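Report on one structure; see the data block that follows.
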């Protein structure tokens, strides 16, 4: 058993017979009354998000999971095939389990698969990935008082906001947690 002081993004808990992952949390200490924790919980494996408020110190059932390194190989329909980098065993994962990270995942990307025994619960990408710009409009300098930005489509199909100096073919570092441009590589 754990309590609200051990909350962190990605923590997996069992509540009402279902598994949930903490997507966001915020400790709140109002001027009057007791402290509480506001959370956004993602239901595993469905992916639906619910808001839930916990009293400070409330007990929760934390689920211990194992992290295994896998490599994304390819997809076929709505199944994404991953290979264990140690045993070379391949497993198919449903698209629903990966929908948040698919825009930043390309073939041969190493990911962490969280397993509860042999059941895959979630997939985590590295914090930063490097992707090439597939398409963007040319940036015209001098049109803005401050920097300026434009949208760019990456090789995986994700669309991110980038500075005007980025061109098609440039490789970018993207933060997979927020989907934001970090720097040109």
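The values are calculated or read from the model by the stated rules, or taken from the named source; none is laboratory data. What you see is a predicted model; the values in this text were computed from it and never measured. Cβ atoms come from the backbone with ideal geometry, glycine included; neighbour counts cover every protein chain shown.
Below, the figures for the structure above:
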read-out: All positions within region 55-78 that are touching a helix residue (DSSP H, G or I) at 6+ places or on another chain (Cβ under 7 Å) and farther than 30 Å from residue 33 by Cα; value: 78
read-out: Test: residue in region 47-56 that is within 14 Å of residue 99 (Cβ to Cβ), assigned by TED's automatic domain parsing to the domain that holds residue 11 and either at pLDDT 90 or above or assigned to a strand (DSSP E or B) (or both); value: yes
read-out: Every pair of residues 6+ apart whose Cβ atoms lie under 7 Å, when the first sits in region 107-119 and is at pLDDT below 90 while the second is outside any strand (DSSP E or B); value: 114/65; 115/65; 116/63; 116/65
read-out: Single residue of region 42-59 satisfying the filter (under 23 Å from residue 118 (Cα atoms) and free of Cβ contacts under 8 Å to residues at least 60 places away in the same chain) that is surrounded by the most Cβ atoms within 10 Å (Cβ to Cβ); value: 42
